[in-house]
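Below is one structure; the comments refer to it alone.
The values are calculated or read from the model by the stated rules, or taken from the named source; none is laboratory data. Computed from a prediction, not measured in an experiment: that's the story for all the values here. All Cβ positions, glycine included, derive from the backbone under ideal geometry; neighbour counts span all protein chains shown. Quick note on the areas: whole protein, heavy atoms, side chains included, nothing else; ligands and nucleic acids left out. Shrake-Rupley method; radii C 1.70, N 1.55, O 1.52, S 1.80 Å.
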Amino acid sequence: SLDLSSLAFSPRSLPYEALTLSLSALESRMSNDFVMRITDSGQLDALVFWFEFDLSDEVHICTLPPGHHGPGAKHGARREIQPQDDQPPHWRQAAWVLREPLQVKEGEELRVRVELIDSNLFWSVKQQA
């Protein structure tokens, strides 16, 4: 697990929703393809991901560090559950490290595929020609 709040990093894109699943209708195999637009040129070493849980209409748990906002970040009447400052969180972020880093340019689009197979996540990233 990673703790993004303790690492120096430069995001290369805005957050994307990679996969949505319902625990009440969980399938053993799911996948999603999406296009990730690069917002900052540089070296792409990994895809970092986290989880957001909707336990009810009023309760939302997010493993992204405080101060960061993902695509599904809920605001308003919903109650965010965050760890206390003096208690390390049980869940943190995770990363899929690319075998070979990619040099990316602002405005470039990458094709990303995520697959969930029997509780394991598999990722692929391809640069467009």
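Going through (1) loosely packed, with under 12 Cβ neighbours inside 10 Å; (2) more than 21 Å from G107 (Cβ to Cβ) one by one, S10 falls short only on (2). Of all residues in the stretch 18-51, those being open to solvent by 70 Å² or more (accessible area, probe 1.4 Å) and not small (G, A, S) number 11. Among residues of the stretch 18-42 being within 17 Å of A95 (Cβ to Cβ) and outside any strand (DSSP E or B), the one that is nearest to the chain's Cα centre (by Cα) is A18. Of the strands (runs of 3 or more DSSP E) lying entirely inside the stretch 54-120, those containing at least 2 residues that are open to solvent by less than 90 Å² (accessible area, probe 1.4 Å), modelled with pLDDT of 80 or more and under 28 Å from S31 (Cβ atoms) span 94-104, 109-117.
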